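Below is one structure, written out as structure tokens, with a few remarks after it.
Each value in this text was obtained by applying a stated rule to the coordinates, not by laboratory testing. Since this is a predicted model, take the numbers as computed values, not measurements.
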Amino acid sequence: MGDDDNLKVSIDEINTYSYKQQVFDIINTLQLLSETEKNILKSRFLGEVLSYEERRNHTKKYYNIFRFLVTTGSILLPAILSMGQMDPAKLPKNFENISYWASWTISLMVTACNGFLQLFSLDKNYFEYAITTEQLKTEGWQFFQLSGKYEEYEDHNEAYKPFCKSVENIKRKQVEKEFPGKADVNKGKKDKKEFDFQKEFLANLPQQYKKEADQKIEVDKKMDKLLGLLESGDKLSSKIDNSKPTTIENVKEKVKEEIKEKVKEEIKEKDTSKDK
């Protein structure tokens, strides 16, 4: 009998335990590296669960009240209006006035309650707080039991950092839902394109100057290619024969001068043809 009484007492105590007491006792028994990690679990994880649970209960109270009034008013209003279609002789005195003001009051109440639901997003907030609370609780029990995504870890010390990361991800997603489009600070930075000055300049250039600009760009590209070939040839020649550097430099300078003169002549011819 004594063992049965002790068992009943322990079961009763467990049933009266709140979530805070249960998790608090479990965290104290975890084998982690330091007491700081236990305090972080109590402050961050347990604190977030209790905070969202309180928000859920607070929002649930107003959500249920407004929904009850909207549903009740939606039922009573057609009933009162249908009574007005009866024979006036069978109705009480001043029934028209009573039914008019009752219908007006119920309509105003239903409209106001429905407006408050939409204005404060009570239905949306209630569902999101409830989902986030259950997600955090499920994540916590999986961590404590080393089950689910934590079954591959040998102990709680090894699963501590992945668990903290999961908690922060759940918190971040909830914040993004509460403040859509404003919670993600880095949004749009990765997709931002670099400013191409040359492309924008050509796009805004008048049509009469676009052809000339394109031709000059092509000439500059050809010059860059020729200079690159000359530099590569200079490197190869220096490796093959280091005794004749002066002759290679002279040839290189002559070729450069000839190319520049040809380019200048082509530009002068184009300018003269335009002037004519």
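Gap in Å between the Cα centre of region 81-128 and the Cα centre of region 148-170? Their Cα centres are 53 Å away from one another. Rg and Dmax of region 2-178, both derived from C-alpha coordinates alone, stand at 26.0, 86 Å.
A simple rule links phi to the HN-Hα coupling: the Karplus curve 6.51 cos²θ - 1.76 cosθ + 1.60 with θ = phi - 60°, which for region 69-81 gives 5, 5, 5, 5, x, 5, 7, 6, 4, x, 5, 5, 5 Hz, with x for Gly and Pro.
Compute the Cα gyration tensor for region 96-187, then decide on rounded, prolate or oblate, letting a ≥ b ≥ c be the square roots of its eigenvalues: rounded whenever a/c is under 1.5, prolate when a/b is larger than b/c in the other cases, and oblate in all that remain. Taking the square roots of the gyration eigenvalues as a ≥ b ≥ c, region 96-187 is oblate.
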